[in-house]
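A.B. asks: Encoded as structure tokens, here's the structure I'll be asking about.
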Amino acid sequence: MIQGWITDTICDKIMKPLTFSILRRLSDGNYHSGTILGEALQVSRATISNTLHGLDQYGLVIHRITGKGYRWLNPVQWLESDQIRSHLGEHADNFRITIADCIESTNSILLQQASTPAFSGHDQYTVLATELQTGGRGRRGRTWFSGLGDSLTFSLSWSSPCTMQALGGLSLAVGIAIVKALTTIGIPDVLLKWPNDILYDSRKLGGVLIELHGDMLSPVKVVIGIGLNVHMKDPVKQQIDQAVIDLASIVRLPPDRNQLLAVLLLELMKVLHLFTQHGFAPMRDEWIRYHAYHHQSAQVNFPDGSHLDGIVGGVAEDGALLLDTSNGQLQLRGGELSLRRLS
């Protein structure tokens with residue numbers, strides 16, 4: 001069972017299980033006295049007070065009035081497995097879903113599970129989502145910042161029949177699934193940035209991190225990590241050193257997170273099936289239509305600090321970036337490359 005892997009001591013120090021128990025009781029937006037909360041959770045009133053202290057660093061606004069108790073002014077919408085499965089409809093049994101309160105990294109947990117001999121997921125996609133991720137990772141060792149319930153942060157593990165060499169372009173195919181899912185729920189004009197950023201109005205809305213377990217010549221286990229900004233709180237935004245945007249800034253009412261996760265999973269299932277049969281090639285033209293930098297002047301930065309300027313000419317059938325330079329067209333591959341538009 002996946003639950004056996006969720007033993008994150010970092011989360012225990014930051015957001016204790018008791019914290020989540022209290023917050024769930026405060027989710028109705030009403031006042032709850034510390035005495036009644038303590039009796040219900042079998043702790044003292046002082047423990048309730050101490051547990052709620054300092055949560056403003058996560059952007060949680062909890063009002064306290066003597067004699068009335070505590071009221072959570074900006075409660076989150078919790079992820080619920082039953083609601084997600086309901087939105088999945090007839091495809092619910094294709095997914096094994098676990099929701100955790102707090103995890104350092106959903107990708108790390110599923111990668112650890114994928115390395116065990118007992119792992120079996122050929123007939124199901126294993127999904128691990130979390131309300132709070134404390135050590136989310138992006139490409140090139142970067143940190144993925146998110147707060148409690150303000151994003152949709154999850155990973156999907158997949159026992160791919162493909163070898164590592166046949167997985168070129170997978171992150172681009174996942175990007176297509178995300179664009180389609182967002183369009184389905186009424187958020188058009190989402191674009192992609194090679195190889196795995198989700199953009200809206202030139203600002204980062206989300207990202208993808210794909211990690212593999214296996215060897216070069218055998219079918220591998222794939223872990224697809226996805227993070228989408230839903231309704232980011234100011235303390236989280238202040239930690240980010242690039243232009244970002246969330247769904248709440250795009251539409252008046254951000255989408256139901258349970259529905260959004262279900263729609264994403266359904267689109268991922270379709271894309272992964274197509275990818276298994278034919279690779280990235282049949283999705284290439286569609287991906288190019290979504291690429292924010294297509295035919296734009298851009299700079300590719302390499303891990304050693306060097307860079308290369310050119311015009312983005314599209315992508316190859318294996319997902320490689322095509323860059324037209326003064327020395328001809330180059331095909332660039334590798335998750336450690338970084339692409340940025342030149343003004």
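Laboratory data are not the source of any read-out in this text; all were calculated from the coordinates shown. Please read all numbers here as calculations on a predicted model, not as lab measurements. Every residue, glycine as well, gets a Cβ built from its backbone with ideal geometry; the counts of neighbours run over all protein chains shown.
A.B. asks: Could you work out the helix-only [θ] at 222 nm for the chain, with each DSSP H run of four or more residues adding -39,500 (n - 2.57) and the total divided by the number of residues, to the nearest 500 deg cm²/dmol?
C.D. replies: Working: 11 runs with 101 residues, N = 343.
When only DSSP H runs of four or more count, the value is -8500 deg cm²/dmol.
A.B. asks: Over the chain, what number does the Rg to Rh ratio reach, with both radii from the alpha-carbon atoms and Rh per Kirkwood?
C.D. replies: Rounded to two decimals, Rg over Rh is 1.00.
A.B. asks: Sticking with this structure for a sec: Below 8 Å between Cα atoms, with a sequence gap of 6+, how large is the relative contact order for the chain in percent?
C.D. replies: On the way: 637 pairs, mean separation 51.4, N = 343.
Reported as a whole number, the value is 15 percent.
A.B. asks: Would you mind calculating the gained length between H91 and Y58 on full extension (0.36 nm times residue separation, minus the Cα-Cα distance), in nm to one decimal?
C.D. replies: Working: separation 33, 0.36 × 33 = 11.88 nm, distance 3.51 nm.
Taking H91 through Y58 to full extension adds about 8.4 nm, to one decimal.
A.B. asks: Arrange M216, M15, M164 by Cβ neighbour counts within 10 Å, fewest through most, would you? Can you show the working numbers first?
C.D. replies: Values: M216 9, M15 20, M164 16.
Placing the least packed residue first, the sequence is M216, M164, M15.
A.B. asks: Another question, if that's okay. May I ask for the angle, rounded to the nearest 10°, between helix 170-184 and the longest principal axis of the chain, with both axes built from Cα atoms and the value confined to 0 to 90°?
C.D. replies: 60 degrees
A.B. asks: Oh, and also: Pop the C-beta distance of I311 and T35 into the FRET formula with R0 = 51 Å and round what comes out to the nearest 0.05. Display every interim value, and only then the final one.
C.D. replies: On the way: r = 67 Å, r/R0 = 1.32.
Efficiency at R0 = 51 Å is approximately 0.15.
A.B. asks: Mind giving me the nanometre distance, one decimal, between the label points for A281 and L330, set 7 Å out from Cα along Cα→Cβ?
C.D. replies: Once both label points are built, they end up 2.7 nm from each other.
A.B. asks: Here's another thing I want to ask about it. Between Q112 and F302, what is the label-point separation in nm under the 7 Å Cα-to-beta-carbon projection?
C.D. replies: So the two model labels end up 3.7 nm from each other.
A.B. asks: Using a 10 Å cut-off around each Cβ, can you sort W78, W72 from fewest to most neighbouring Cβ atoms?
C.D. replies: On the way: W78 16, W72 23.
Least crowded to most crowded, the residues run W78, W72.
A.B. asks: Determine the relative contact order of the range 220-343: mean sequence separation of Cα pairs under 8 Å and six or more apart, normalised by residue count, in whole percent. Present the calculation step by step, with values, prior to reporting the outcome.
C.D. replies: Working: 125 pairs, mean separation 20.3, N = 124.
Here the relative contact order equals 16 percent.
A.B. asks: Something else: Nearest 10 degrees, 0 to 90: what angle lies between the long axis of helix 17-26 and the longest principal axis of the chain (Cα atoms)?
C.D. replies: 80 degrees
A.B. asks: From the phi angles alone, apply the Karplus equation (6.51, -1.76, 1.60; θ = phi - 60°) to the range 312-321 and give each ³J(HN,Hα) in whole Hz, x where the residue is Gly or Pro.
C.D. replies: 5, x, x, 9, 7, 5, 9, x, 5, 6
A.B. asks: Another question, if that's okay. In whole Å, how far is the Cα centre of the range 49-64 from that of the range 173-248?
C.D. replies: 29 Å
A.B. asks: Pop a pseudo-label 7 angstrom from the Cα along the beta-carbon direction at both A46 and Q77 and give the gap in nm to one decimal.
C.D. replies: 4.0 nm
A.B. asks: Order these peptides, 264-272, 279-287, by their mean beta-carbon neighbour count within 10 angstrom, highest first. Before the final figure, lay out each step's value.
C.D. replies: Values: 264-272: 20.9, 279-287: 17.2.
Going from most to least packed, we get 264-272, 279-287.
A.B. asks: Check which residues have an amide H placed less than 5 Å from I97's amide H, if you skip close sequence neighbours.
C.D. replies: It is V127, by chain and number.
A.B. asks: Please work out how many pairs of lysine residues in the range 81-288 are eight or more positions apart (or on different chains) and have Cα atoms closer than 29 angstrom.
C.D. replies: Counting lysine pairs in the range 81-288 gives 16.
A.B. asks: A further question follows. Would you list E131, E104 from fewest to most Cβ contacts within 10 Å?
C.D. replies: Working: E131 24, E104 20.
Listing E131, E104 from fewest to most nearby Cβ atoms yields E104, E131.
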